[in-house]
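*Asks:* Sharing a structure, written as structure tokens. Questions coming.
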Amino acid sequence: MLDVRHLNKRFGSLAVTQDVNLSVARGERRLILGPNGAGKTTLFNLLVGELASDSGEIHLDGERVDRLGVDARARLGLARSYQKNNLFDALSVAENLALAVTAARGLSSNPWRDTHRDASVQEDVERVAAQVGLEARLHHTVSDTAYGERRQLEVGMALASGPKLLMMDEPTSGVGPAMIDGFRQLLQSLPTDLTILIVEHDMDFALDLADRITVLNYGEVVFEGTPSEARESALVREIYLGADDA
Amino acid sequence: MSDTGFWIVQTLNGVQLSLLYFLLSVGLTVIFGLMHFVNLAHGALYALGAYVSVTVSAVLGYWGGFLLAPVAVAVVGIGLYLLLIRRLRHADHMNQVLVTFGLIFVFTDLFRIGWGDIDLGLEPPTLFSGQSTVFGVVYPTYRLFVIALGLVIMAALALVLTRTQIGAMIRAGVDNEDMAACLGIDVDRVFFGVFCMGCALAGLAGVVAAPVFSVTPAMGDSVLIPALIVVVIGGLGSLRGAVVGSFLVGFIQTFGAVIAPQLAAMITYALLAAVLILRPAGLFPARS
Amino acid sequence: MFHQTALKSVTLVILLLGLGAYVQTGGYYGRELVIEACILAMLALSVDVVAGYGGMISMCHGALLGAAAYAFAAMTALLGWPPSLSFVIAIVASTLLATAIGAVSSRTQGIFFIMATLAFGQMVYVMIFDAPMLGGDDGMAGVKRLNLDLVGINFKKSAPFAFACIALLALSYGLAALMLRSGFGRTLSGVKANEDRLRALGVRVWWVKARAFGFSGLLAGIAGVMAAQHTQFVSPELLLWTLSGEALVVVILGGLGTLVGPLVGAIALVFVKHEISSVTHYWHLFIGIALILTVLAGGRGLYGQFEYVVTRARRRRAKDHA
Amino acid sequence: MSFRPTTRATALCAAITVGALSPLAAQAKTSVGLLLPYSGVFAALGNEIEAGFTVAMEAAGATDQFDIIKEDTEVKPPVGLAKARKLVLEDEVDVIVGVVSSGVLGAMRDFVHDAEVPLLVANAGNDHATGEQCSPYITRVSFSNAQINRPMGDWLAGSGVKTAYIMAADYAAGHQTMAAFKESFTAAGGEIVGEEYTPFRKTKDFGPYLTKAKASGAEAVYVFYAGGEAISFVKQYDSFGLKDQMGLYSGGFLTSPLYVNAEGPAAEGVITALHYMPTLDTPENKAFVDAYTAKYGKGPSEFAVQGYDAAHALLSSQADGETRGAELSAALSRYSANSPRGPISIDPATNNIVQNIYIYETVAGENGLTQRLIDTVENVQDAPNGCVL
């Protein structure tokens, strides 16, 4: 469903993405690994269109999307969560989710329907809130919530936009073990036809979930295979674990 | 109109106007670049410079005004900084715009109260009255002085910014305020100094412009828009942008008036709109 | 994000009733002031929709108002078209103009957006100023008012006209409130808060901005058509950026992003200006000082501060109970 | 022309007549709306006109006979109109005096006409106001744009100038003044070699235009600028050294006493036509200048004399016993006098003033710049231009 061919991106003389090829099947859970600065977030940015690639192609469900804007790709079903919380801080959790639901349902250009009183919108909001464990915090302003809750909402925003391809950028960064467990359950509960791309540091968490693993280093794909192949790969261990430990 | 002398004179006109715009807008852009502060009262400070120079010149002659007006404006700037702007340093952008917008109202009426409603004038210094011959054409000497002064200030600012420690501090502040603070730069003091300097330059622009134009309570309003256009076209906060913006606006206005006078009023706005549509942050944004 | 709270509703009703009562008791000039306040309030309302909720500070709303006023004037005075038809066309025209300006300015942000709208507004001003047909600097007289004789209203009299202005102000508020609580309106608030995040959620941000600007142009257009009918005369001052600035000042004095605030600000400005200007010719000085003090006091504006105090007190009470 | 010996005597006459009627006058004080700009670009003009008006009223001892209500037009037509309505409908004034900007006059014309309230125009010079848009209720005691500029065409051609380059601010007054000049100048055998209309109130640097004017090789440059633009223009004209090559001429306010000192030596040698100069050597003018200077500590301008004459027209109508409506208008339009600016009367065909136009040069005097009278064109009267009263 996602097909990336020969993708390149440079910042000045620094190559941050080098000839990346990536093919992800529908329903697959793909883990992207790599040390800090390996170009994982850059790859996400290129995929969703927040950065323009220098060359290469990105296909989503057979359609070429690398010339489309961020919003157009999102409408095709690409959704992402951010490594650094990127939310509407002055709004409540429910209002945040409602914005995503509104956009997903094509209501963001409807000038009449009050989305806060719209039963179907609110249903979706509550469903997603329950999925990410925020049902009790719906009416709290984001800036009043705890960091971990914002991480949950970050994933919730992506889920609420009803994606075909869900891209999560380190959803567990900075949260405690209990919450990591929550994320694991969440991911396992998601529909099996949902394709998921996940950048993660927590190897144990990620390797359990992933169908396949791609390892980036200096912007290049240096490994691709199943979790068990990755565990055995000396290269992966050297690059990834070595860098992480240091 | 085909004779070269004509075009040389028009080019000088363009350079002169451009450099006046430069003097006016450079303070605005540096204050913005460093403090993210759009000082709409900049035009009023320019008018203040002109008014002070009229009053001082009556006693001490043109050069008295030339020296004292920028100082007086800087002093008023210090007052504004301590009273208002310091409190707004970390306030919402919009609030800064509004306070300085309010200052325009206040200044305009203070000029009316202090200097009356009747437009005033200032005589150019005898040293620079009359005309001189340059590049084979006869040109007003005072305008040549404006050109020379503008170039000197431009060079001096470029030198200060690129070659001195203060310049390095300012550039660091423009680039990343927090980082500059981490490097041990007293950001607030740099800001204060730059703000005073910007005010003094506005005052200087007022003195220099006074003998060419008339001195009126609303003179600040009428230059505020062109000055804003200059800095926005150039990219806020960038010295290079201010230079390029000044010359673009100055030349387009001059040659627009020559070639298509019926469009003269429209052309600057069209330029601004075109630049913003193509480069939404101006031609040379100070930071990416 | 917009909520039509009870506090807003009560304040709105009090304001409108107050204006209505003043029409009855304020004498001729009182009615003129009410009309003036209503028109300014409509303009300020339209500015608040984009500035307060969409984060788009506009410097071209004077031009939008003026464009509608001139369109209406040209159709009734020059072409002799019926005022009712001209009314609709003029408002459609200002809506389209605003949508276009919003669309091309949508890529810019902050001060750059302000300057872009300033540029377009001034271009409209210069175009109308330079059109000899439209009277240039001298303006254009002979603008007709709507003929409501059929429904038994003499629109030429100032009292019915003032009531019509109050009614249109209420209508404008209603439209704005309706829009702001819709999916579109909430998305607009999202644009103000975090435009990039919305884009990642699949929202065509430029189109949201353009349409919000267009809607704002519609409200400004209503104000413009009423302004043209009020004085039955139009002149280029209507289009100048200073009017846009004045509308913005009104919004700030009343309370940015409160929707009721602009009404408070407009009414306060018109009536206070009337009082001050009969004492001194330097009333700008007072407006300037008021503006500065408003910002230094927290920038919430008259109504905004009131709302803030009331909500805080209520929250505190709720906490004490809990 | 006039049957009244001096202005003072007129005032005296008026005072006596009104005084004799005083029991009656006391119960029906005439109320006057003074509608002038007190803020905005023309605030100085508004103050001058009011000063002239006050001097006349005080000299006649008539201040008590009028209720004077002042309103500020802010030089904005809609505001001017709103204030005119306020004066008529709320304050119920009997007459409105003032109006500086033609835009404001245009805005309120239909209103005063329909309301049948006399309007005594004390400045606004739009030709149409006493042309196709004239009204029996609008009487102008100031000037019309054409009236000041038409004589200059004849005179300039007559003085031997064959070619002229014309420049004016791009708005109604600029175009009207230039049209009047062009017509009479070309009719007298002159040739216009180029013309330029500069953006009104937006042009500060005239350099590009002046360079073009210079390149045209005309013998003279004829312009219309007022206020701040006049100051900038005259100074820049001089700084480019054009004054020595091609004479600078204007019909109107280019070197008005209000601005001439701000222009300084640059204004020396500029020749302009106007309906008044403070240095006119007549007893009426001397009396006026003395009274004005005594009160305000500076000499009057043409704007002050307009206010002065407006007051006298009003006083004279009161002497006729007319205090409101059409009768008052008629009385105002019958006004004639020996004004400080010379003999004046109102043209019954248009209600515009008929007056002398003075062509003078600005020269250096003992106390700053002063005027040297070159020629007087007597009793200049506009054609009706479509006016039907």
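The values are calculated or read from the model by the stated rules, or taken from the named source; none is laboratory data. This is a predicted model, so every value here is computed, not measured. Using ideal geometry, Cβ is built from the backbone for each residue, glycine included, and neighbour counts are taken over all protein chains shown. Accessible surface areas use protein heavy atoms only, side chains included; no ligands, DNA or RNA. Shrake-Rupley method; radii C 1.70, N 1.55, O 1.52, S 1.80 Å.
*Asks:* How large is the accessible surface of B:R171 in square angstrom, using a 1.4 angstrom probe and rounding to the nearest 10?
*Replies:* 110 Å²
*Asks:* Oh, and also: Placing unit charges on C-beta atoms (Lys and Arg positive, Asp and Glu negative, everything else neutral), compute the dipole magnitude of the stretch C:6-239 about its Cα centre in debye, rounded to 20. Before the final figure, lay out each step's value.
*Replies:* Numbers: 15 positive and 10 negative charges, 173 e Å.
So the dipole magnitude of the stretch C:6-239 works out to roughly 840 debye.
*Asks:* Heavy-atom accessible area of A:S13 with all protein chains present, probe 1.4 Å, nearest 10 Å²?
*Replies:* Looks like 110 Å² after rounding.
*Asks:* Could I ask something else about it? From the square roots a ≥ b ≥ c of the eigenvalues of the alpha-carbon gyration tensor of the stretch D:146-274, which class results: rounded (a/c under 1.5), prolate (a/b over b/c), or oblate?
*Replies:* Rounded, because the longest to shortest axis ratio a/c is under 1.5.
*Asks:* Another question, if that's okay. Under a 1.4 Å probe, what is the accessible area of the stretch B:4-278 per residue, stated in Å²?
*Replies:* On the way: 9650 Å² over 275 residues.
For the stretch B:4-278, the solvent-accessible area averages 35 Å² per residue.
*Asks:* How large is ³J(HN,Hα), in whole Hz, for each residue of the stretch B:160-167 in order, when computed from phi with the Karplus curve 6.51 cos²θ - 1.76 cosθ + 1.60 and θ = phi - 60°, using x for Gly and Pro?
*Replies:* 4, 5, 9, 10, 10, 5, 4, x
*Asks:* With +1 on each Lys and Arg Cβ and -1 on each Asp and Glu Cβ, and nothing else charged, work out how big the dipole of the protein assembly as shown is about its Cα centre, in Debye to the nearest 20.
*Replies:* On the way: 86 positive and 107 negative charges, 379 e Å.
Around 1820 debye, computed over the protein assembly as shown.
*Asks:* Can you figure out the FRET efficiency of C:T311 with A:R26, using R₀ = 56 Å and their beta-carbon distance, to the nearest 0.05?
*Replies:* Details: r = 49 Å, r/R0 = 0.87.
Approximately 0.70, to the nearest 0.05.
*Asks:* A further question on this structure: Tell me the label-point distance for the pair B:A155, D:V388, using the 7 Å Cα-to-Cβ offset, in nm and rounded to one decimal.
*Replies:* 7.3 nm
*Asks:* Just want the answer: with Cβ charges of +1 for Lys and Arg and -1 for Asp and Glu, which residue in B:C199, B:P226, B:V137 is farthest toward the dipole's positive end in the stretch B:4-278?
*Replies:* After comparing all options, I get B:V137.
*Asks:* Determine the relative contact order of the stretch C:90-197: mean sequence separation of Cα pairs under 8 Å and six or more apart, normalised by residue count, in whole percent.
*Replies:* Numbers: 28 pairs, mean separation 8.2, N = 108.
Rounded, it is 8 percent for the stretch C:90-197.
*Asks:* For chain C, set up a Gaussian network in which alpha carbons nearer than 10 Å are linked by springs, and say which option among C:H230, C:H281, C:H61 fluctuates the most.
*Replies:* C:H281
*Asks:* I'd like the mean, over residues of B:58-66, of how many other protein chain beta carbons sit within 10 Å of each residue's own Cβ. Intermediate values should be presented prior to the final figure.
*Replies:* On the way: counts 0, 0, 0, 0, 0, 0, 0, 0, 0.
Other-chain Cβ atoms within 10 Å of each residue's Cβ, averaged: 0.
*Asks:* C:D149 to D:H113: FRET efficiency via 1/(1 + (r/R0)^6), r the Cβ-Cβ distance, R0 25 Å, to the nearest 0.05? Mind dumping the intermediate values first?
*Replies:* Numbers: r = 23 Å, r/R0 = 0.93.
Efficiency computed from Cβ-Cβ geometry: 0.60.
*Asks:* What distance in nm separates the two pseudo spin-label positions at C:M133 and D:E191, each 7 Å out from Cα along the beta-carbon direction?
*Replies:* Output for this residue pair reads 3.6 nm.
*Asks:* What value, in deg cm²/dmol to 500, does the helix sum -39500 (n - 2.57) over DSSP H runs of n ≥ 4 give at 222 nm once divided by the residues of the protein assembly as shown? It would help to have the intermediate numbers written out before the result.
*Replies:* Values: 46 runs with 685 residues, N = 1245.
After summing the helix terms and dividing by residue count, I get -18000 deg cm²/dmol.
*Asks:* Let me ask you something else. Taking the highest mean first, how do the peptides B:274-284, B:36-46 order by number of other beta carbon atoms within 10 angstrom per residue?
*Replies:* Details: B:274-284: 18.0, B:36-46: 26.5.
Answer by packing, highest mean first, reads B:36-46, B:274-284.
*Asks:* Of C:T76, C:A103, C:G30, whose Cα points farthest to the positive end of the dipole of chain C (charges on the beta-carbon: +1 Lys, Arg; -1 Asp, Glu; origin at the Cα centre)?
*Replies:* With unit charges placed on the Cβ atoms, the residue in question is C:A103.
*Asks:* Under Stokes-Einstein, with the Kirkwood radius over Cα pairs standing in for Rh, what whole-number D in µm²/s applies to the protein assembly as shown at 4 °C and 1.567 mPa s? Walk me through the numbers before you get to the answer.
*Replies:* Working: Rh = 33.6 Å.
Stokes-Einstein gives a translational diffusion coefficient of 39 µm²/s.
*Asks:* If you check each cysteine of chain C for another cysteine whose beta-carbon is under 4.7 Å away, which ones come up empty?
*Replies:* Cys with no partner Cβ under 4.7 Å: C:C60.
*Asks:* Name the long-range amide H neighbours of D:V93: under 5 Å, sequence gap of 5 or more, or other chain; modelled H, no Pro or chain starts.
*Replies:* Amide H neighbours of D:V93: D:V88.
*Asks:* Considering amide H positions built from the backbone, and no H for Pro or chain starts, which residues 5 or more places from B:V215, or on another chain, come under 5 Å of its amide H?
*Replies:* Excluding prolines and chain starts, which carry no amide H, the hits are B:L120, B:G121.
*Asks:* Relative contact order, percent, of chain D when contacts are C-alpha pairs under 8 Å separated by at least 6 residues?
*Replies:* Working: 846 pairs, mean separation 77.4, N = 389.
Reported relative contact order: 20 percent.
*Asks:* Nearest 100 Å² is fine: how much accessible area is buried between A and C, summed over both sides, with a 1.4 Å probe?
*Replies:* Numbers: alone 11560 and 15200 Å², together 24430 Å².
The contact between C and A buries close to 2300 Å².
*Asks:* DSSP beta bridges in chain A, what fraction antiparallel, as a percent rounded to 5? Don't jump to the answer; show the numbers that get you there.
*Replies:* Working: 20 of 37 bridges.
Once the DSSP bridges in chain A are tallied, antiparallel ones form about 55 percent.
*Asks:* Before anything else, pin down the relative contact order of chain B: Cα pairs under 8 Å, at least 6 apart, normalised by residue count, whole percent. Mind showing how you got there, number by number?
*Replies:* Values: 424 pairs, mean separation 103.0, N = 288.
Computed value for chain B: 36 percent relative contact order.
*Asks:* I'd like the accessible area for D:S345: 1.4 Å probe, protein heavy atoms, all chains in place, Å² to the nearest 10.
*Replies:* 20 Å²
*Asks:* Quick query: amide H of B:V134 versus all other amide H atoms, modeled in the peptide plane; which residues come in under 5 Å with a sequence gap of 5 or more or a different chain?
*Replies:* Here B:Y139 satisfy the definition.
*Asks:* Additional query: Averaged over its residues, how many other protein chain Cβ atoms are within 10 Å of peptide C:232-241's Cβ atoms? Mind dumping the intermediate values first?
*Replies:* Values: counts 5, 12, 3, 10, 4, 8, 3, 0, 1, 2.
Other-chain Cβ atoms within 10 Å of each residue's Cβ, averaged: 5.
*Asks:* Using a probe radius of 1.4 Å on heavy atoms only, what accessible surface per residue do you get for chain A? Whole Å² is fine.
*Replies:* 42 Å²
*Asks:* Say R0 is 60 Å: what FRET efficiency, to the nearest 0.05, do C:Q24 and A:L235 get from their beta-carbon distance?
*Replies:* On the way: r = 87 Å, r/R0 = 1.45.
For C:Q24 and A:L235, the calculated efficiency is 0.10.
*Asks:* Oh, and also: Largest first, how would B:M197, C:M226, A:M1 line up by accessible area (1.4 Å probe)? Please list the in-between numbers first.
*Replies:* Values: B:M197 105, C:M226 0, A:M1 40 Å².
Result of the area sort, largest leading: B:M197, A:M1, C:M226.
*Asks:* Please give the contour-minus-distance gain from D:A364 to D:T163: 0.36 nm per residue of separation, less the Cα-Cα distance, rounded to one decimal in nm.
*Replies:* On the way: separation 201, 0.36 × 201 = 72.36 nm, distance 2.76 nm.
Answer, rounded to one decimal: 69.6 nm.
*Asks:* Read phi for every residue in the stretch B:257-271 and hand back ³J(HN,Hα) as whole Hz from Karplus 6.51 cos²θ - 1.76 cosθ + 1.60, θ = phi - 60°, with x for Gly and Pro.
*Replies:* Karplus-based 3J(HN,Hα) across the stretch B:257-271 equals 5, 7, 8, 9, x, 5, 9, 3, 6, 8, 5, 5, 5, 4, 4 Hz.
*Asks:* Follow-up question, since we're still on this one. Write down the accessible area per residue of the stretch D:146-274 in Å², having rolled a 1.4 Å probe over the full set of protein chains.
*Replies:* Values: 3330 Å² over 129 residues.
Each residue of the stretch D:146-274 exposes 26 Å² on average to a 1.4 Å probe.
*Asks:* How big is the B/C interface in buried accessible area, both sides summed, 1.4 Å probe, to the nearest 100 Å²? It would help to have the intermediate numbers written out before the result.
*Replies:* Working: alone 13450 and 15200 Å², together 25380 Å².
Accessible area lost upon association: around 3300 Å².
*Asks:* I'd like to know which of A:L68, A:V48, A:G34 lies farthest towards the positive end of the charge dipole of the stretch A:29-108, counting +1 on Cβ of Lys and Arg and -1 on Cβ of Asp and Glu.
*Replies:* Selected residue: A:G34.
*Asks:* Shifting gears a bit: Calculate the dipole size of the stretch D:146-274 relative to its Cα centre from +1 charges on Lys and Arg beta carbons and -1 charges on Asp and Glu beta carbons; express the result in debye to the nearest 20. Write out the running numbers ahead of the final one.
*Replies:* Working: 10 positive and 13 negative charges, 35 e Å.
Computed about the Cα centre, the dipole is about 160 debye.
*Asks:* Show me, for the stretch B:237-254, the HN-Hα J-couplings you get by feeding each phi into the Karplus relation (A = 6.51, B = -1.76, C = 1.60, θ = phi - 60°), rounded to Hz, glycine and proline as x.
*Replies:* x, 10, 5, 4, x, 5, 5, 5, x, 4, 5, 4, 5, x, 6, 5, 5, 5
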